[in-house]
Each structure stands twice: as structure tokens, then as C-alpha cells.
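Heads up: the structure comes next, in C-alpha cells.
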Amino acid sequence: GWKVMIYYYSRLQGQSDKSTSVYPLIPVLLIYKHQLIKTPIFGLVDSGAEYCYCHKIIGEYLRIKFRSKNKISSLAANGSQFIGYRETIISVINGKKIDMPLIFSDELNPSFRIILGQNSFFSQFKICFEKHQNTFSVDPV
């Protein structure tokens, strides 16, 4: 069986200043057809996001052909609309491979290359935030 993984809230890459914010970030491996990004990309665990999102430049690196995809309009937390393209890729989280529909957009906050939202992340894992200890757990369901 899978074991529960405990993660620490962490600063964004390159930030060591103690006054900077910490976030629930977990390493994600991405696979698309025969393309694999060998270095894990840290995804933001975001219960406020309806879907999972990924920065478009990563999709381009995975050789996704966005020209043949339909544009999808999404709503950001601040109420503004942004455009993306949906494609299902394989993600490896906590050692578990899952088919994950991602919306790829170049309008995402560049600090967060992957946003792990309700559909296809929270629906496949039990997540428990324990901010008072600066930890959170991720358990495949």
C-alpha cells in the first residue's frame, strides 16, 4: 500500500529570506507521450482552484501541440479571466502515477508553475493541512 507523505510548507525556489511566505508545495513529475521532465516541478496545493493548471512553457517543453487544442477560459482568484489549453498528461505524485487533465496557460503566476486543484488532484488524494506545524499530508485514496 501507499504510505502517507508528510511535507513541510516551503519557500519558493531561490527565496531564503526568513520573512518570505511559505507554501504547501509538492514535487510533481510530468510525462507526456514519450517526453519526461526528469526534474520534479513543485506544484502548489490549492484547494481554491477548481482545476489543475500548468505553465504553458512546460507544456511546450513536453512537446504538446497547442495549435490543435481548443482555447478554454478560466477564472482567476481575483475574478479576471485567462486563456488556457487542456491536455491530459501523466503526473507522478508521491510515487503514484495518475492521469491528470491540466489547463496550460502562459498567464499563470510564474512563481507557481503547477497549481494542483480540486479536479484530478484533491479528487484522488486525501490532503490534510496542519499549518500550526507548517506541515501537510498527502495520502492517495
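The values are calculated or read from the model by the stated rules, or taken from the named source; none is laboratory data. None of these values were measured; they are calculated from a predicted model. Every residue, glycine among them, receives a Cβ derived from its backbone with ideal geometry; neighbour counts consider all protein chains shown. What goes into the accessible areas is simple: the full protein's heavy atoms, side chains included, and nothing from ligands, DNA or RNA. Shrake-Rupley method; radii C 1.70, N 1.55, O 1.52, S 1.80 Å.
Every listed requirement among (1) loosely packed, with under 13 Cβ neighbours inside 10 Å; (2) more than 16 Å from ILE103 (Cα to Cα); (3) touching a residue at least 24 places away in the same chain (Cβ under 8 Å) is met by ILE26 save one, (1).
Note on the stretch 64-81: residues that are open to solvent by 90 Å² or more (accessible area, probe 1.4 Å) and either touching a Cys at 6+ places or on another chain (Cβ under 9 Å) or not in a helix (DSSP H, G or I) (or both) total 7.
Scan the stretch 51-63 residue by residue and report those that are open to solvent by 30 Å² or more (accessible area, probe 1.4 Å) and either in contact (Cβ under 8 Å) with a residue 60 or more places away in the chain or out of contact with any strand residue (DSSP E or B) (no Cβ under 8 Å at 6 or more places or on another chain) (or both). Hits for the stretch 51-63 are TYR51, ILE57, GLU60. If you check SER10, SER91 for being out of contact with any Pro (no Cβ under 9 Å at 6 or more places or on another chain), closer than 19 Å to ILE127 by Cβ and either open to solvent by less than 50 Å² (accessible area, probe 1.4 Å) or acidic (Asp, Glu) (or both), only one passes: SER91.
List every residue pair whose Cβ atoms lie under 7 Å apart, where the two residues are 6 or more positions apart in sequence or sit on different chains, the first residue falls within the stretch 38-50 and is farther than 10 Å from PRO24 by Cβ, and the second residue, located anywhere, is open to solvent by 60 Å² or more (accessible area, probe 1.4 Å) and modelled with pLDDT of 90 or more. Pairs that qualify, where the first residue is farther than 10 Å from PRO24 by Cβ and the partner is open to solvent by 60 Å² or more (accessible area, probe 1.4 Å) and modelled with pLDDT of 90 or more, are ILE41/ARG113; ALA49/GLN118; GLU50/GLN118; GLU50/ASN119. From the set of residues in the stretch 100-136 that are of a type outside the set (S, T, N, Q) and in a loop (DSSP other than H, G, I, E, B), which is least open to solvent (accessible area, probe 1.4 Å)? By that ranking, first place goes to GLY117. Considering (1) of a type outside the set (Phe, Trp, Tyr); (2) touching a residue at least 40 places away in the same chain (Cβ under 8 Å); (3) more than 30 Å from MET5 (Cβ to Cβ), the lone condition that LYS69 does not fulfil carries the number (2). The single condition from (1) outside any strand (DSSP E or B); (2) small (Gly, Ala, Ser); (3) within 22 Å of ILE6 (Cα to Cα); (4) open to solvent by less than 20 Å² (accessible area, probe 1.4 Å) that GLY48 fails is (4).
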